[in-house]
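Visitor: Below are the structure tokens for one structure; questions will follow.
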Amino acid sequence: MLLVAAAAFAIDPVLESYSEGVVDWTNFRLVVHASSAGSTGAMSNVESAEGDARSQLEPRVEALARAVRIDHERTAGQLLDAGDAVADRLERNLAYWEVYEARYLASGGVELDAALALQRWLRPALVTMATMAERPPVAGGASGAIVDARGLEVRCAVSPEFVDTAGAHLYSIADMTGHAGSLRPPVVYVHDPADPVASRRAGVTPVFLRPESVRNGSDLVFGAEASAKLRELVTTSDVLRNGTVVVVVGP
């Protein structure tokens, strides 16, 4: 049932399954499913079944949201438990989940699929983490970066860190502006660089990069040539400040 979400977006998204549902790393949303048995006949029974199914969704959304990896050290649950102003806003934003498909069965049972847009939910945290100052746009240069991490064991995270082989920092959400962080996460994950999602994010003149390895499960390590290209992007384009970065994962 959960794969209905993939069909609705007409792409092959990067999905991570949990007991509560699925994290869709391509469309950057959570998808959960609930069902309730009913008895054929009375409308009141159908309404009761629907209410029962809806009551299952909220705790499942929260449980799945808490499991989302922010980076190699933190989950979203830790942000929710921080006890600060950002945590308060994240708690309120959990209410933004929506039912996008309902199926009323001949038996009187009801099945519901619901989704929570992660950008809308996590925006207060992402804006805080994105610390780069605004500047006038850079004319020309690359429109985005496509990082081909296929063949590497990558665990998707909202904000992976890119480093060189010596461990020096190259890119993370801290390199984005607050405005960019309000619009998008620092990377989007796809299975194919030709995916329309990749094209929309990286634009028509992307730079292509290949990491050498993975560190801490989610962070990507780049060799000298790719590291130099990433450092060059800081001054020759707005790619890192705007977060127009795509990570291709899979076999």
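Visitor: For region 114-126, name all the residues that are surrounded by fewer than 21 Cβ atoms within 10 Å (Cβ to Cβ) and either in contact (Cβ under 8 Å) with a residue 60 or more places away in the chain or not assigned by TED's automatic domain parsing to the domain that holds E47 (or both).
Guide: Listed by number, the residues that qualify are A117, Q119.
Visitor: Could you please let me know if G223 is modelled with pLDDT of 95 or more, under 23 Å from N27 (Cβ atoms) and surrounded by fewer than 21 Cβ atoms within 10 Å (Cβ to Cβ)? Before the answer, list the steps.
Guide: On the way: modelled with pLDDT of 95 or more: yes; under 23 Å from N27 (Cβ atoms): no; surrounded by fewer than 21 Cβ atoms within 10 Å (Cβ to Cβ): yes.
No.
Visitor: Pick out the one residue from T177, T131, T165 that is touching a residue at least 24 places away in the same chain (Cβ under 8 Å) and under 17 Å from D71 (Cβ atoms).
Guide: Details: T177 fails: under 17 Å from D71 (Cβ atoms); T165 fails: under 17 Å from D71 (Cβ atoms).
Result of the check over T177, T131, T165: T131.
Visitor: Mind checking which residues of region 47-62 are surrounded by fewer than 16 Cβ atoms within 10 Å (Cβ to Cβ) and acidic (D, E)?
Guide: Residues satisfying the conditions are E47, E58.
Visitor: Something else about it: Could you look through region 1-19, keep only residues that are touching a strand residue (DSSP E or B) at 6+ places or on another chain (Cβ under 6 Å) and either modelled with pLDDT under 95 or of a type in the set (F, W, Y) (or both), and pick out the one that is surrounded by the most Cβ atoms within 10 Å (Cβ to Cβ)?
Guide: Step by step, filter region 1-19, then rank; the result is A5.
Visitor: Under the condition of being part of a loop (DSSP other than H, G, I, E, B) and either acidic (D, E) or not assigned by TED's automatic domain parsing to the domain that holds R29 (or both), which residue from region 61-107 is nearest to the chain's Cα centre (by Cα)? Walk me through it before giving the result.
Guide: The first filter runs over region 61-107 and keeps only residues part of a loop (DSSP other than H, G, I, E, B), leaving 68, 70-74, 81-84, 97, 105-107.
Remaining after also requiring either acidic (D, E) or not assigned by TED's automatic domain parsing to the domain that holds R29 (or both): 71, 73, 81, 84.
On the way: D71: 12, E73: 16, D81: 20, D84: 23 Å.
Of everything passing the filter in region 61-107, D71 is nearest to the chain's Cα centre (by Cα).
The values are calculated or read from the model by the stated rules, or taken from the named source; none is laboratory data. Since the model is a prediction, treat every value here as computed from it, not as a measurement. With ideal geometry, Cβ positions are generated from the backbone for all residues, glycine too; neighbour counts draw on all protein chains shown.
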